[in-house]
Amino acid sequence: DIVMTQTPLSLPVTPGETASISCRSSRSLLDTYAGKTYLDWYLQKPGQSPHLLIYRVSYRASGVPDRFSGSGSGTDFTLKISRVEAEDVGVYYCMQRLEFPITFGQGTRLEIK
Amino acid sequence: EVQLLESGGDLVQPGGSLRLSCAASGFTFSTYAMSWVRQAPGKGLEWVSDVRGSGDSTYYADSVKGRFTISRDNSKNTLYLQMNSLRAEDTAVYFCAKGGSVSGSYFVKEDWGRGTLVTVSS
């Protein structure tokens, strides 16, 4: 199974600052045949269901503000949240779907200082 | 508007069975992969199972393989999860999720339901 490792697990951020979350996979998430990398990011706000933020490393889902951006390749990926707002609190998960079983990272809890 | 409504969660004894349902609306159900993802109390997300739009291909986490069965009725726009031989560690909120429509996003979890709670305890 592909193991997904997120850092940090807890991220206190001052409003207006930039937050970065790292996600590392135990194997490359590049599908060399399709030329696509299957790494997504999800946010679960307190008391809510998760929702999709970023798919295939860097494509924002519908309605996601451009303050959210994803980058990376191979085994190392980053979610960056610019100008953090109070509404961004919650737990962020990376997920690989290159192969089954699909696996999630442990989650990173973003909190406002 | 996409809507996913899970039901069927309950308190069940270890070794018991339960069937979860997810009623879908707002999209052409048969063209999308569908998923079950669970979250144990206070824990992170754990993928459980996926099924392709046609229903002919299914995928399972090792932790549920042989005990859980995912299925779908495209005529009723409904996704199911038959859960047998339940264990205490299956206790979780079970979310259903819809796949993506953009190229390369078939198994993304684009939309999520609100979840249904399964508690396995004597």
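The values are calculated or read from the model by the stated rules, or taken from the named source; none is laboratory data. Here the structure is a predicted model, which means the values were calculated and not measured. Reconstructed Cβ throughout: ideal geometry from the backbone, glycine too, with neighbour counts over all protein chains shown. Heavy atoms of the whole protein, side chains included, go into the accessibility calculation; ligands, DNA and RNA do not. Shrake-Rupley method; radii C 1.70, N 1.55, O 1.52, S 1.80 Å.
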Ranked by GNM mean-square fluctuation in chain B (Cα springs under 10 Å), the top entry among B:Lys98, B:Lys65, B:Lys109 is B:Lys65
Please build a GNM for chain B, connecting alpha carbons under 10 Å apart, and tell me which residue among B:Ser105, B:Ser49, B:Ser30 fluctuates the most. B:Ser105
Sparse-neighbourhood loop sites, GluC sites (Glu not before Pro) in segment B:1-96 - DSSP loop, at most 16 other Cβ within 10 angstrom: B:Glu1
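For the pairing of chain A with chain B, what total accessible surface becomes buried, with a 1.4 angstrom probe, in square angstrom to the nearest 100? Each step should come with its number before you reach the end.
Values: alone 6030 and 6220 Å², together 10610 Å².
Chains A and B together bury roughly 1600 Å² of accessible area.
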In debye to the nearest 20, the charge dipole size for segment B:80-122, taken about the Cα centre with +1 at each Lys and Arg Cβ and -1 at each Asp and Glu Cβ, equals 60
Which aspartates and glutamates have a Cα less than 19 Å from the Cα of A:Lys80, not counting those fewer than 8 places away in the same chain? A:Glu17, A:Asp40, A:Asp66, A:Asp88, A:Glu111
Over chain A, what is the relative contact order in whole percent, taking alpha-carbon pairs under 8 Å and six or more residues apart? 38
Just how far, in whole angstrom, is segment A:14-28 from segment A:46-92 if you go by their alpha carbon centroids? 9
Over the whole of B:96-107, what's the average partner chain Cβ count within 10 Å per residue? Rounded to a whole number, please. 4
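Kindly identify the protein assembly as shown as rounded, prolate or oblate by the Cα gyration tensor criterion: order the square roots of the eigenvalues as a ≥ b ≥ c, call it rounded if a/c is under 1.5, otherwise compare a/b with b/c, prolate if a/b is larger, else oblate.
Verdict is prolate for the protein assembly as shown.
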Relative contact order computed over chain B (Cα-Cα under 8 Å; 6+ residues apart), in percent: 35
For chain B, set up a Gaussian network in which alpha carbons nearer than 10 Å are linked by springs, and say which option among B:Asp73, B:Asp62, B:Asp111 fluctuates the most. B:Asp62
Excluding ligands, DNA and RNA, the carbon-plus-sulfur percentage of the accessible area of chain B with a 1.4 Å probe reads 44
Spelling it out for B:Phe107: with amide H atoms placed in the peptide plane at 1.01 Å from N, the residues 5 or more places away or on another chain with amide H under 5 Å from its amide H are B:Gly100
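For segment A:1-57, what is the relative contact order in percent, using Cα pairs closer than 8 Å and at least 6 residues apart in sequence?
RCO, segment A:1-57: 25 percent.
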